[in-house]
Each structure stands twice: as C-alpha cells, then as structure tokens.
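J.: Can you read through this structure? Questions will come right after.
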Amino acid sequence: MLLTATVPEMTRGSDSTGPDGAGPGDSSTQGDKAGLAAALDLESAPWSRVRPAGGNLEYAFVPHTDGVTYVALRYADPEGAEPVLVFTPSEWDAFLAGVRDGEFDRPPD
C-alpha cells in the first residue's frame, strides 16, 4: 500500500543558487533553525491543509526579510500547533525529489 498525499510545489522567487551551489538561506551564516523559525511571521502565514482531506498536517510558504521564502509544516492541533518545522528551498526541493522517486513509499505487504 502506498502512502499518498498532495505535496505542494514551492514557487521560486529570487532565491537562486549561489556560486558555491548553496541557495539563499542554506549558508551557515543563516544561523540555527530555531532562530529562523522565531524570526518568521508564522502567526499571519496562510496555512493550508495537506491533502487528502481529513489529514491534520498544514503547510505555509513564509517569506523572510532575507528575501527567501521558507516552507513551514505543523500539525493542526486545536491546543497549539507546535512544533513548527522550517525548511529552506533546497531542503524542500530535496524532499520533493525523494517523494517523486518513491523514497517514502511503504513497502508492499
């Protein structure tokens, strides 16, 4: 049985890859992810539910003042949506490539 869900594509803006192959938000100067998540405006982010319907996972594309749009994931929990996971554009691209390649498919019964 395969686990399937509609995974949103990230719309690219000005977040191009640099000469070292790292995209914006991927350098070590970005700091830790906890600091990045704290700097993002997650309160006013437009959260959407991952399909199929009935799931409780939400995602948002959240712009940052560094010019990069990050992907945030959380569980839709009425008592608080913690923790929020934040992904850089290159991390999200790697995840989508894994989904397309079947890396997360359940093995046959």
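The values are calculated or read from the model by the stated rules, or taken from the named source; none is laboratory data. Model, not experiment: these values are computed from the prediction. Note that each Cβ is placed from the backbone with ideal geometry, even for glycine, and that neighbours are counted across all protein chains shown.
J.: Give the stretch 70-109 a look and list any residue that's of a type in the set (D, E, K, R) and outside any loop (DSSP other than H, G, I, E, B), or say none. It would help to see each step written out before you state the result.
T.: Step one: of the stretch 70-109, the residues of a type in the set (D, E, K, R) are 74, 77, 79, 82, 91, 93, 100-101, 103, 105-106, 109.
Hits for the stretch 70-109 are R74, E91, D93, R100.
Quick grid of which residues meet (1) modelled with pLDDT under 90; (2) more than 19 Å from D93 (Cβ to Cβ); (3) touching a strand residue (DSSP E or B) at 6+ places or on another chain (Cβ under 8 Å):
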position	(1), (2), (3)
S27	yes, no, no
Q30	yes, no, no
E43	yes, yes, no
P52	yes, yes, yes
G55	yes, yes, yes
F61	no, no, yes
G67	no, no, no
L73	no, no, yes
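J.: Being farther than 16 Å from W92 by Cβ and either modelled with pLDDT under 90 or aliphatic (A, V, I, L, M) (or both) is the filter here; which residues of the stretch 32-41 pass it? Lay out the reasoning, then the answer.
T.: Applying the first criterion (farther than 16 Å from W92 by Cβ) to the stretch 32-41 yields 32, 34-35, 38-39, 41.
D32, A34, G35, A38, A39, listed by residue number.
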